[in-house]
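Notes to accompany the following structure.
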Amino acid sequence: MTVTQEPSTYPELFSLTGRRAVVTGAGKGIGREIATALAEAGAHVIVAELDKALGQQAAAELVAAGGSAEAHSLDVTDGRAVEEFAAAVGAIDILVNNAGVAYIEPPLETTDEGWAKTMDVNCNAAFWCSRAFGRRMAEQGSGSIVNVGSICGQVVTRPQNSVAYMTSKGAIHMMTKSMATDLAPRNVRVNAVAPGYVETAMTQEVRRNAPEMLDAWVSGTPMGRLARPAEVAAAVLFLASDASSYCTGSVLNVDGGYTAW
């Protein structure tokens, strides 16, 4: 196995200068913040977004802020399209599987469509991307894959009990460990972040329409607040960079203590 040469300073450990990163679902929300973090650390960020206009806007804003970025329209649930995308993009150093959906449907009311869509976007897509780019990383002998899991992959949240979402994120955590052990001999690391509740457009909607649900989320979090998207992005930056060079198969909770009760 190739061992990364130790840099002279700690800031260099977090530098992504000269590296290429693909971030799925980077047009908005947490994915957009992750793209910002990687770009500010020096990476060339490839925004992979289903909504072409949204992806182009995100990439343009990253460039306007002094970063390096480009946008590609991609349906991550289409395995063949993912393979073609990986071939077109070529060698990369970092893959962040961020694209995801969340349907709040309790177990006995979960529809076939809701289950299939959740598994397709949250689980299958992350595997298609990891497989396609993981092969290329293995060939080049280096790379870092970061999956966006969730505390829902570890515990049952309340008051909502979204069985499809929880199952999909539990699968992401196990996929992370499986691929990490397989790719470690080829100097490719695979890790995941497990965010708690994050202040996004979705949680703002909950704040307006179901404040009692938001209150339950906050009261169940020892730190007594929601996470900021930047706090999740910083954890992804750590796992993507050489600062985490001895971490693989890890699931890093970014949950304000939610899973510590």
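Details
- Entry note, the stretch 143-261: relative contact order of 36 percent, from Cα contacts under 8 Å with a spacing of 6+ residues.
- For the pair residue 91 and residue 15, label points projected 7 Å from Cα toward Cβ lie 1.9 nm apart.
- Computed from backbone phi with θ = phi - 60° and the Karplus coefficients 6.51, -1.76 and 1.60, the 3J(HN,Hα) list for the stretch 191-203 is 9, 9, 9, 10, x, x, 7, 10, 6, 10, 4, 5, 6 Hz; x is used for glycine and proline.
- When the alpha carbon gyration tensor of the chain is reduced to an equivalent ellipsoid, its three semi-axes come out at 28, 20, 19 angstrom, largest first.
- Maximal additional length on extending the residue 259-residue 84 stretch stands at 59.1 nm, based on 0.36 nm per residue less the C-alpha distance.
- Between the amide H of residue 95 and those of 22, 144, 145, 146, distances stay under 5 Å, these residues lying 5 or more places away or on another chain, with hydrogens modeled in the peptide plane.
- Protein accessible area in the chain, 1.4 Å probe - carbon and sulfur %: 54
- Residues residue 142 and residue 178, FRET efficiency given R0 of 30 Å [Cβ-Cβ distance, rounded to 0.05]: 0.90
- The phi-based Karplus calculation (6.51 cos²θ - 1.76 cosθ + 1.60; θ = phi - 60°) puts the 3J(HN,Hα) values of the stretch 153-159 at x, 10, 9, 7, 8, 9, x Hz, whole numbers, x for Gly and Pro.
- The residues of the chain have, on average, 47 Å² of accessible surface per residue, using a 1.4 Å probe with all protein chains present.
- Along principal axes, Cα extents of the stretch 186-261, largest first, whole Å: 48, 27, 15
- Accessible area of residue 15 in the full protein assembly, 1.4 Å probe (Å², nearest 10): 40
- The stretch 22-159: radius of gyration and largest Cα-Cα distance (Dmax), Å: 15.6, 49
The values are calculated or read from the model by the stated rules, or taken from the named source; none is laboratory data. What you see is a predicted model, and the numbers here were worked out from it, not measured in a lab. Cβ sites come from the backbone with ideal geometry, for glycine too, and all protein chains shown count toward neighbours. These accessible areas exclude ligands, DNA and RNA; they are computed on the full protein's heavy atoms, side chains included. Shrake-Rupley method; radii C 1.70, N 1.55, O 1.52, S 1.80 Å.
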